[in-house]
Amino acid sequence: MSRNVITIDGDASVIDAIKTMLSHHISGLPVIDQDGALIGILSDGDFIRRVEVGTEKRRGRWLAMLAGTNRVALDFARQHGRKVSQIMSPDPITVEEDTSLEQVVQLMESHGVTRFPVMRDKKLVGMVTRTDFMTAIARLRLEWSSISGNDDQIRASVVAAFAHAPWRPAALNVSVNDGIVSLRGSIRSDNAHKAAIVAAENVAGVKRVEDQLVKMAYPPAEEDYGGGDFVSLEQEPSTEDDQPL
């Protein structure tokens with residue numbers, strides 16, 4: 001998360017909020033009251049429907065009746081408001097400092113939001129946004145790219161990466177020479193092909209993947225469980241029905 005959180009007062013003007021967001025290159029602002037308590041979130045999406053640019057919602061008489069007086073009044077206030085508190089989203093969803101990344105992702109997906117205030121003892125201590133995930137991925141990728149290993153270790157890791165994948169290639173053969181992985185075998189679909197290359201590329205120490213996989217339209221039944229380095233089907237025990245008559 002980002003710990004140096006830029007906030008704005010609920011009584012600040014919309015123009016001040018816009019200037020703050022543009023000058024700091026951010027797309028959202030936590031809104032606080034005079035006591036420093038979090039009261040809302042202001043995002044760039046709050047400026048899409050605005051009277052200044054002629055994009056405010058225009059409802060006819062019947063649509064206004066269907067929407068209801070309360071909804072129409074709220075839209076008017078948010079589209080014409082001059083103070084941050086008038087256009088912000090109140091009562092924002094927050095997460096705690098020890099909330100797991102998986103929980104954050106689930107909340108982002110289920111609520112369709114891109115940022116959460118991070119709280120500790122009901123006090124704002126940070127913000128977690130989609131950008132933080134991008135930063136973390138880039139940092140980890142740089143760390144992984146510096147990892148090296150011998151060819152045998154890399155090959156074993158590549159084979160392990162495919163071991164339990166339902167889309168794994170059939171009759172797969174993996175060879176590694178100086179960190180360059182060669183994949184040979186049969187693949188069932190374009191998406192499975194893509195997944196196979198990605199799986200190999202994600203193994204630490206892999207410099208490049210030489211793709212020699214071949215797509216098969218109708219895989220033989222005996223290869224449908226994979227092959228090569230992974231699977232050999234065990235012979236099932238006989239039953240009474242298998243005995244000769």
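Does residue 46 meet the test of being in a helix (DSSP H, G or I), under 24 Å from the mean Cα position of the chain (by Cα) and at pLDDT 90 or above?
On the way: in a helix (DSSP H, G or I): yes; under 24 Å from the mean Cα position of the chain (by Cα): yes; at pLDDT 90 or above: yes.
So residue 46 passes the test.
I want to confirm something. Restricting to the stretch 153-210 and keeping residues that are among the acidic types (Asp, Glu) and over 27 Å from the mean Cα position of the chain (by Cα), which single residue is modelled with the highest pLDDT? Working first, answer last.
Within the stretch 153-210, the subset among the acidic types (Asp, Glu) is 178, 190, 201, 210.
So of that shortlist, the ones also over 27 Å from the mean Cα position of the chain (by Cα) come out as 178, 210.
On the way: 178: 91, 210: 95.
The qualifying residue modelled with the highest pLDDT is 210.
Within the stretch 155-171, restricting attention to residues that are of a type in the set (A, V, I, L, M) and assigned to a loop (DSSP other than H, G, I, E, B), which residue is least open to solvent (accessible area, probe 1.4 Å)? So that I can check it myself, show each step before the final result.
In the first step, residues of the stretch 155-171 are kept if they are of a type in the set (A, V, I, L, M); the result is 156, 158-161, 163, 165, 170-171.
Retained after the next criterion (residues that are assigned to a loop (DSSP other than H, G, I, E, B)): 163, 165.
Numbers: 163: 34, 165: 10 Å².
Filtering the stretch 155-171 for residues that are of a type in the set (A, V, I, L, M) and assigned to a loop (DSSP other than H, G, I, E, B), the one least open to solvent (accessible area, probe 1.4 Å) comes out as 165.
Specify which of the listed residues (112, 60, 126) is at pLDDT below 90, of a type outside the set (Phe, Trp, Tyr), open to solvent by less than 70 Å² (accessible area, probe 1.4 Å) and under 16 Å from residue 41 (Cα atoms).
Within the list 112, 60, 126, the selection yields 112.
All but one of (1) within 30 Å of residue 134 (Cα to Cα); (2) open to solvent by less than 40 Å² (accessible area, probe 1.4 Å); (3) among the aliphatic types (A, V, I, L, M) hold for residue 101; state the number of the condition that does not hold.
Residue 101 satisfies all of (1) within 30 Å of residue 134 (Cα to Cα); (2) open to solvent by less than 40 Å² (accessible area, probe 1.4 Å); (3) among the aliphatic types (A, V, I, L, M) except (2).
Within the stretch 129-154, which residues are open to solvent by 50 Å² or more (accessible area, probe 1.4 Å) and closer than 20 Å to residue 40 by Cβ?
Of the residues in the stretch 129-154, the ones open to solvent by 50 Å² or more (accessible area, probe 1.4 Å) are 130-131, 133-135, 137-148, 150, 152-153.
Within the stretch 129-154, 130 is the sole residue that qualifies.
Among the residues of the stretch 12-44, write down those that are of a type in the set (Val, Ile, Thr), crowded, with 17+ Cβ neighbours inside 10 Å and in contact with a helix residue (DSSP H, G or I) (Cβ under 9 Å, 6 or more places away or on another chain). Working first, answer last.
Filtering the stretch 12-44 down to residues of a type in the set (Val, Ile, Thr) leaves 14-15, 18, 20, 26, 31-32, 39, 41.
Next cut, crowded, with 17+ Cβ neighbours inside 10 Å only: 14, 20, 26, 31-32, 39, 41.
Hits for the stretch 12-44 are 14, 26, 31, 39.
The values are calculated or read from the model by the stated rules, or taken from the named source; none is laboratory data. Values in this document were obtained by computation on a predicted structure and should not be read as measured data. Every residue, glycine as well, gets a Cβ built from its backbone with ideal geometry; the counts of neighbours run over all protein chains shown. In case anyone asks, the SASA skips ligands and DNA or RNA and just uses the protein heavy atoms, side chains included. Shrake-Rupley method; radii C 1.70, N 1.55, O 1.52, S 1.80 Å.
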